[in-house]
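Each value in this text was obtained by applying a stated rule to the coordinates, not by laboratory testing. Since we're looking at a predicted model, the values are computed, not measured. Cβ coordinates were reconstructed from backbone atoms using ideal geometry, including for glycine residues, and neighbour counts include every protein chain displayed.
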Amino acid sequence: MPELPEVETVCRGLADALIGDRFTRVTLRRANLRFPFSDGFIETLTGRRVETIHRRAKYILMQMEGEAALIGHLGMSGSFRIEKSPIPEHPLDRHDHVVFETERGLRIRYHDPRRFGFMLLTERALLETHPQLINIGPEPLGNEFNGPALAERLAGRKTPIKTALLDQRVVAGVGNIYACEALHRSGISPKRLAANVTGARADRLAAAIRQVLEEAIASGGSTLRNYSHTSGELGYFQHRFEVYDREGAACTTPDCNGVIGRIPQAGRSTFFCPKCQR
């Protein structure tokens, strides 16, 4: 599933192309994705100008002129592709489920083979209290996120720290890849009890989360399966992984000489160094 860096990269691509442009045609090529499309989806968006596009956790939030807003999620395999239209050499694929055409002559295809993504209409004034967004924790790239704030969110949690980081109520947008990478950089075992990550440990972990996410965004995210930019280019942060998907490889921590291991946690594979992560 695309995590925060991948969604941020997609948001920036959409914003660069669409802000100030107007949807002239919206086509739904099926009745639903993960959820049915909102009533009046086509009518509400057609003719509307895009005013802002930004990210909240792993959600894409598009605010239109007037009161309309669109909440999008890429699910497991969703992607947007921005093209000049019409493009005869690029016919629509059977997994292109939503197509937007704009006043500036763009065609934006939403492609989702597994259909776990979704698009929901709401009102701009209701975005913060929408059921999909209301319980999400602090943004890890925001000024309010630091060691004490993280420790407060972890207080009393009797789950492993890796599992806690995947809970979007603790911190927004962090998924399996970047949780593994941040825990390795901070020297914290993924098996450590979340409530015990306090003080200096919480400071190190909060800093590592921010650092790894910023580096991944700068690299255009990580492409492992379906993810690509809105231009079709691939991310390349996967070439900088220190632990994720590196089971059996040597640990990159200086003077460690450990070997990367893998354990299952909460139905996901956790990669870590059992020697330098405590």
Any lysines with Cα under 21 Å of the Lys58 Cα? List them, leaving off those in the same chain fewer than 8 positions away. Lys162
Give me Asp93, Asp255 ranked fewest to most by other Cβ atoms within 10 Å of their Cβ, as a rough exposure proxy. Asp255, Asp93
Report the relative contact order of segment 72-209, percent, no decimals, based on alpha-carbon pairs under 8 angstrom and at least 6 residues apart. 22
Please turn the phi angles of segment 263-278 into ³J(HN,Hα) values with the Karplus equation 6.51 cos²θ - 1.76 cosθ + 1.60 (θ = phi - 60°), one per residue in order, whole Hz, x for glycine and proline. 9, x, 9, 6, x, 10, 7, 10, 10, 6, 9, x, 8, 9, 9, 10
If exposed means no more than 14 neighbouring beta carbons inside 10 Å and the site is in a DSSP loop, what's the longest run of the chain without any exposed GluC sites (Glu not before Pro)? 145-232
For segment 137-182, what class follows from the C-alpha gyration tensor (a ≥ b ≥ c being the square roots of its eigenvalues): rounded when a/c is under 1.5, otherwise prolate if a/b is larger than b/c, else oblate? oblate
Taking only DSSP H segments of four or more residues, each worth -39500 (n - 2.57), what value at 222 nm results for the chain once the sum is divided by all its residues, to the nearest 500 deg cm²/dmol? -7000 deg cm²/dmol
Pairs of Cα atoms under 8 Å, at least six residues apart: use those to get the relative contact order of segment 1-135, whole percent. 29
Taking the number of other C-beta atoms within 10 Å as the exposure measure, put Cys180, Cys256, Cys251 in order starting with the fewest. Cys256, Cys251, Cys180
Approximate shape of segment 127-278 as ellipsoid semi-axes (Cα gyration tensor, √5λ), whole Å, largest first: 23, 22, 14
Amide H contacts under 5 Å for Thr24, placed H, 5+ residues apart: Gly47, Glu101, Thr102, Glu103
Testing the spin-label approximation: label points 7 Å from Cα along Cα→Cβ at Thr46 and Arg278. State their distance in nm. 6.5
Zone reached by a paramagnetic label modelled 7 Å from Thr198 Cα along Cα→Cβ, restricted to segment 142-159 with backbone N below 17 Å, covers 147-159
Of all trypsin sites (Lys or Arg not before Pro) in segment 24-101, which ones are in loop regions per DSSP and have a Cβ with at most 10 other Cβ atoms within 10 Å? Arg94
Contact order relative to length for the chain, counting C-alpha pairs under 8 Å separated by 6 or more residues, stands in percent at 18
Calc'd 3J(HN,Hα), segment 139-154, phi into Karplus 6.51 cos²θ - 1.76 cosθ + 1.60 (θ = phi - 60°), Hz, glycine/Pro = x, comes to 6, x, 9, x, 5, 7, 9, 7, x, x, 5, 5, 4, 5, 5, 8
Using 5 Å bins from zero, what percent of all Cα-Cα pairs in the chain falls into each bin? 1, 6, 12, 16, 17, 15, 11, 9, 7, 4, 2, 0, 0
Let me know the Rg and Dmax you get for segment 4-126 when you use only its Cα atoms, in Å. 13.2, 41
